[in-house]
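A short write-up of the structure that comes next.
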Amino acid sequence: MYANYFRGTRNLTVFIFRQQRFQILIWLISLIGITLSVAAAYPNIYNDEQSRQAASLTMDNPAMVAMLGPGYELKSYLHSIGSMFANEMLLFTAIAVAVMSILLVGRATRGDEEDGRIEMIRALSVGRLSYPSAVMIVIVVTNVLLAILTGIGLVSLGIEGMGLGSSLLYGSILGVTGLLFAAFTAIFAQLAETSRGTKMYSFILLIIAYLVRAVGDVSSDILSWISPLGWTVRTGVFWEDNWWTIIIVSMIAVLFGAFAFYLHSIRDLGSGFIAARKGKTQASPFLQTTFGLTFRLQRTAIIAWAIGIFALSSSFGAILGDLETYFVDIEFMQAFIEAEADYTLTEQFIPLLMAIMSLIGLIPAVMVVLNLKGEEVKNHTENFYSRAVSRTRVLGSYCFLAIAVSVIMQSLIALGLWSVSQSVMDETLSFYTTFAAAYVYLPALWVVIGLIIGVIGVVPKISGAIWIYVVYCFVVVYLGGLLDFPKWVNNLSVFEHIPQIPVDDGNFLTFMALTLIALLLTITGFVGYNRRDITG
C-alpha cells in the first residue's frame, strides 16, 4: 500500500535533475571552487609562526567569534593550516550551502506547486508523495556530491593538516547543514501558501540561527547548541574531528524531513497550514496605485528583512566594545596592529563589517526587482497592461521600491550598530561617522539595482545571473585580500571602489560616478523593457 505513495519517484527525480541541472551545477562549481581556491592560498599567507599566532589571537576576539564562530586553540594554528582554514571559512561556507538548499527546495516544492506543475503531474499515474520524494533525493544527491568533491579536493591539495578523514569531515558538515535546511524549507513549503513565503520563513530561520549562535558563542555555549549553525562550528574539523556532530545533524534532518512528508500527505494541493489573512473588501486608494500594489505584494518580505538586518547589525554593535579592550595587554598584537595602520582596531573593523552588511542589505533590494520578472513569467503583469498603465510606470514602481529598500536597509544597519555600540564602547562611534560609513555604499547598491533593471529590460532570460555577481562581490570583499586577486579582478566588484569610511575620506567624485553608472544602466533597462515583448 505504501509503495503507491511513491509510484513514479524515479522518473520524477530524473525530471527535476534535468529541470535544475544548471542551477545545481553552478552552485557546486562555485562552492567547491571558492573553497579550494581559498584553501590553496593559506600556506603562502600563513607561512610562519608569527602570522599564525596573530591569526589565532584575532580569531579569539569576541567580535570575530560572533562573526565566524569560536576560535581554535593556539597550538592547533601552529601545527595545522587546516584548522586555520576551517576556523575562518567553515561558517560562511555552511551558510552558503544552506542558502543553496533553501532556494533549490523552495523552487522545486512550493514554487512548482504555485506554478501548477505539480497539479499536472498529479494527474498522471504517480503517488501522492512521489514529487516531494524526488525533490529530496535530488537535494540529498546534490549535498552528498558537494561533501565528497569538497573533501577529495581539499586532500588533493596536499596541505599540512588536511588529511583524508578531516577533509571528508569538512565536506560532510557542509553537506548535512545543507540537508538540515532543506528539511526546514520542506516544512515551510507545507506551512506557507506561496514560494515567496516559503523562502522568507526559511531565510528568517537562517538569520535567527546565525544570531543565536553569535550570542551563544560569545556568552553561553548552551545557547549556541540551540542553533543549527552552532552545531556546524563545533565539529573541530582538522583538529578534534568530531564526527558525532554529523550523526546528530543527519538524524535531526531525517526527522524534520519525515515531518515534512507527513504534512504534505495530509494537506490539500495548493493550500498551506498557515492560511493567508483575508484582505479588505475594498482596496485603499494607495493600494489602487501601481506602486501601492507593488509594495503591498512585497511588504511582508521587506519587513522581515528589515527586522533581520537591524538585529544582525545590533548584535555586531554589542561586541564592538571588546575589540579595543581585548588586546590591551597583548603586546604582540599591539605591535602587529600598529605596524599595519594608524587607526584603532574598531576603525579598521568597521569598513569590512559595513561592506558585508551592505551586501546582505542588497539582497532584499535585488529581490524586489527580480519579483517583476517572476510576475511576468506567471502572466500577472498582463493584468496591468490590459489597462491604461504604461510599462514605464510599472518598472518605475519596482525601481523606486528597490532604491527605497536599499536606503532603509543601510539606515537600519547604521542605526543598529550605532545605537547598541554606545552602551559598550569607551570611545563611542559618532552618529555621523556610522551613518556615513553605511550610506557611502548606496551608490554601489544602486549600480547593482541598475544592472538587474538593465538585464530585465534587455535580456530577461539571464536575470537570475545577478546572484552570481552578488556572490562575486562578496568573495572580493571577504576574500580579496586573502587570495591576493589581481587588481582588475577586484575592480570588477563595484564595492571595491567605495571609500572605507572612517579609515578613508569620502570621495564625492566616486559617489557621482557610480550614481551616473547606475542611472545609465537603469535608463537602458527602461528603454529595453518598453521595446521588448512581454512573456505570455
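The values are calculated or read from the model by the stated rules, or taken from the named source; none is laboratory data. All values derive from a computational prediction rather than experimental measurement. Positions of Cβ are backbone-derived with ideal geometry, glycine not excepted, and every protein chain shown enters the neighbour counts.
Asp217 falls short on exactly one of the conditions (1) farther than 20 Å from Phe316 by Cα; (2) of a type outside the set (S, T, N, Q); (3) over 17 Å from the mean Cα position of the chain (by Cα), and that condition is (1). The number of residues in segment 126-182 being farther than 17 Å from Ser83 by Cβ and not in a helix (DSSP H, G or I) comes to 4.
What number of residues within segment 500-536 are at pLDDT below 85 and part of a loop (DSSP other than H, G, I, E, B)? Residues in segment 500-536 being at pLDDT below 85 and part of a loop (DSSP other than H, G, I, E, B): 12 in total. Evaluated against (1) in contact (Cβ under 8 Å) with a residue 60 or more places away in the chain; (2) farther than 14 Å from Thr294 by Cβ, Cys399 falls short on exactly one condition, (2).
Residues in segment 217-228 that are in a helix (DSSP H, G or I), surrounded by fewer than 19 Cβ atoms within 10 Å (Cβ to Cβ) and hydroxyl-bearing (Ser, Thr, Tyr): Ser219 only.
I want to confirm something. Restricting to segment 229-270 and keeping residues that are among the charged types (D, E, K, R) and more than 24 Å from Val97 (Cα to Cα), which single residue is surrounded by the fewest Cβ atoms within 10 Å (Cβ to Cβ)? Taking the candidates together, the pick is Asp268.
Checking the structure you have, find out if any residue of segment 271-291 is surrounded by 19 or more Cβ atoms within 10 Å (Cβ to Cβ) and more than 24 Å from Ser167 (Cα to Cα). Reasoning before the result, please.
Let us first name the residues in segment 271-291 that are surrounded by 19 or more Cβ atoms within 10 Å (Cβ to Cβ), namely 272.
Now restrict to residues that are more than 24 Å from Ser167 (Cα to Cα): 272.
Looking for residues that are surrounded by 19 or more Cβ atoms within 10 Å (Cβ to Cβ) and more than 24 Å from Ser167 (Cα to Cα), one finds at least one in segment 271-291, hence yes.
Test Thr235 against the criterion of being among the hydroxyl-bearing types (Ser, Thr, Tyr) and not in a helix (DSSP H, G or I), and give yes or no. Considered against the rule, which asks whether it is among the hydroxyl-bearing types (Ser, Thr, Tyr) and not in a helix (DSSP H, G or I), Thr235 comes out as yes.
Output yes when any residue across segment 493-514 is within 23 Å of the chain's Cα centre (by Cα) and loosely packed, with under 15 Cβ neighbours inside 10 Å, and no when none is.
As a first pass, look at segment 493-514 and keep what is within 23 Å of the chain's Cα centre (by Cα): 493-498, 500.
Filter once more, so that each one left must be loosely packed, with under 15 Cβ neighbours inside 10 Å: none.
No, segment 493-514 contains no residue that is within 23 Å of the chain's Cα centre (by Cα) and loosely packed, with under 15 Cβ neighbours inside 10 Å.
Select, from Phe22, Phe15, the only residue that is under 19 Å from Ala134 (Cα atoms) and in contact (Cβ under 8 Å) with a residue 12 or more places away in the chain. Just a single option satisfies the conditions, and that option is Phe15. Against the test of being modelled with pLDDT of 95 or more, farther than 30 Å from Leu90 by Cα and under 26 Å from the mean Cα position of the chain (by Cα), the options Gly450, Gly457 yield a single qualifying residue, Gly450. Quick check, is Ile252 closer than 29 Å to Pro132 by Cβ and assigned to a helix (DSSP H, G or I)? Yes. Counting only helices (runs of 4 or more DSSP H) wholly contained in segment 289-357, the ones carrying 3 or more residues that are modelled with pLDDT of 85 or more and either closer than 25 Å to Asp505 by Cα or within 17 Å of the chain's Cα centre (by Cα) (or both) occupy 290-318.
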